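Reviewing the structure listed below.
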Amino acid sequence: MPAYLCKLATKGREIILIDAFAGPGVYENEETGPYSKGSPIIMCEQAEKHVRGKYQAYFGNVNRQHHKRLAAELQETHISPDVAHSTLLSSNDLLAEVAGTLTSQTVFLYLDPFGYKGCEFSSLRPFFLRPSFFSTEIMVNLNVADLPRLAARQSIQDGEMTEQVAATHRLLTDVLNGDWWKEILLGRVRRQDEQAEEIIKGYVSQFAGSFRFTGYCPVPDMKGGRIKYYITFFSNHPDALVLHNDNMCKAYNEHIVKVRWDGSMFADQRTWKDDIPRDYDLLDHMIFSKLEKLNQGRFKTSKEQLWLAIITEPGCFMKWTKSEYNTRIKGLVGDYLVFEDVTKTGRLNDKARLYARGTA
Ligand SMILES: C[S@@+](CC[C@H](N)C(=O)[O-])C[C@H]1O[C@@H](n2cnc3c(N)ncnc32)[C@H](O)[C@@H]1O
């Protein structure tokens, strides 16, 4: 939120923040302790800090207690109900209501359900069909741990298509925008994690025609074992991809390392970079192979274009952070890479154009 909102602070358009599965605003769990801020409070605090007076926030809950608690927490945080609207509305109703008010605003839509109900693809349509010159960012957390139960493979094999199974199948079809999921969950036998990733790839591809940049990050359960859900994102702005790449790379790896060393005397001393293999040889290889391809045209590739080209390559999203990339480029400039100082600052900044030494 801070990086995203800082970018918007200087732009003139009104900002609409939507958290359609908002929850009570505070929660408790063994990892975060007795009073942790939930997404609506985090969103509002950051918005107050960076874009005060320029935003409206809409929060949805179906649970009356959660709705009341959220309204009280927002009040406690001194966020005006004229700006942050806690509503007792289902996600579908809230999305329809907000979609009806949209013109040229900048929109950030976050969906964090427990399951699938309320995430029907048709409810998202007014958001992803907005013209791409209006800024629309969408993030959806999808639970994949439940998929085998919902698909009910065994029941189908036993010829027991109950009304309940049929209803669940309809829900999956509505959320995933088609019954393509049946081939993955009910076709040839696959490992559960393989199935989950296939489903998420298929889901993300449903948005590919509407957004230039899409991606996802697996979220393992507390013990670091099975993947519980995936965070997916959809955007038309390259900065979103760069930001999600960095945030997801750090958050995922920090979690893995925390779980690995949990309870041991080394827990506080380990950083994720100590434990997770970084494979800089592969990063260097990507730098040179992408440069070779991209520099075939009239213009040399800028440092930021090259980074985008690397993180959009299959298997490379979330593999390295931008600062690791910067460090590699810095080390390669001189003996192996040359940069054109287009901004005339003498610095190797994002606009600098790069080429391999000897290929000018
Ligand atoms: C995973 S929690 C959200 C947690 C929140 N994002 C946070 O960080 O604190 C999901 C919330 O959505 C509510 N919910 C479930 N189904 C809903 C629906 N169809 N529409 C709106 N809210 C719903 C649940 O009661 C719960 O409070």
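Points to keep in mind about this one:
- Degrees, to the nearest 10: 64-76 long Cα axis against longest axis of the chain: 50 degrees
- For segment 103-178, accessible area per residue (1.4 Å probe, heavy atoms of protein chains only), Å²: 46 Å²
- Share of carbon and sulfur in the accessible heavy-atom surface of segment 52-185 [1.4 Å probe, %]: 51 percent
- Value in Å of the Kirkwood radius, where segment 179-275 supplies the Cα pairs that are averaged: 15.3 Å
- Cα-projected label distance for Ser104 with Lys201, points at 7 Å along beta-carbon direction, nm: 4.1 nm
- Using only alpha-carbon positions in segment 1-130, the gyration tensor eigenvalues give semi-axes of 22, 20, 13 Å once each is multiplied by 5 and square-rooted (largest first).
- q = 0.11, 0.13, 0.15 Å⁻¹, the chain: log10 I(q)/I(0) [Debye, one scatterer per Cα]: -0.90, -1.20, -1.43
- For the residue pairs Lys201/Lys319; Lys273/Lys322; Lys182/Lys319, alpha carbon separations beyond 24 Å are given by Lys182/Lys319.
- Cα-Cα separations in segment 305-360 greater than 16 Å, expressed as whole percent: 47 percent
- Among the protein heavy atoms, those of His50 account for about 50 Å² of accessible surface (1.4 Å probe, every chain in place).
- Cα-based equivalent ellipsoid, segment 129-210: semi-axes from gyration tensor eigenvalues, Å: 28, 14, 10
- Gain on full extension, evaluated as 0.36 nm per residue between Asn349 and Ser155 minus their Cα-Cα distance, stands at 64.0 nm.
- Straight-line cross-link reach from Lys68 at under 28 Å between alpha-carbon atoms covers these lysines, not counting any fewer than eight positions away in the same chain: Lys37, Lys49, Lys54, Lys117.
- Taken along the Cα-to-beta-carbon direction at a fixed 7 Å, the label points for Asn247 and Ala360 span 4.1 nm.
- Filter on Lys11/Lys300; Lys7/Lys330; Lys7/Lys290; Lys290/Lys330 - keep pairs with C-alpha separation over 24 Å: Lys11/Lys300; Lys7/Lys330; Lys7/Lys290
- Sites count as exposed loop sites when they are chymotrypsin sites (Phe, Trp or Tyr not before Pro), lie in a DSSP loop, and have at most 14 other Cβ atoms within 10 angstrom; the longest stretch of the chain without one is 135-265.
- Nearest-ten-degree value, helix 192-205 long axis tilted from longest Cα axis of the chain: 80 degrees
- The label point for Asp221 and the one for Glu14, both projected 7 Å from the Cα toward the Cβ, are 4.4 nm apart.
- On Cα atoms only, tilt of 322-332 relative to the major axis of the chain in degrees: 10 degrees
The values are calculated or read from the model by the stated rules, or taken from the named source; none is laboratory data. All values reported here derive from a predicted model rather than from experimental measurement. Please note: Cβ atoms are built from the backbone with ideal geometry, for glycine as well, and neighbour counts cover all protein chains shown. Note: accessible area is taken over every heavy atom of the protein model, side chains too, but ligands, DNA and RNA are not part of it. Shrake-Rupley method; radii C 1.70, N 1.55, O 1.52, S 1.80 Å.
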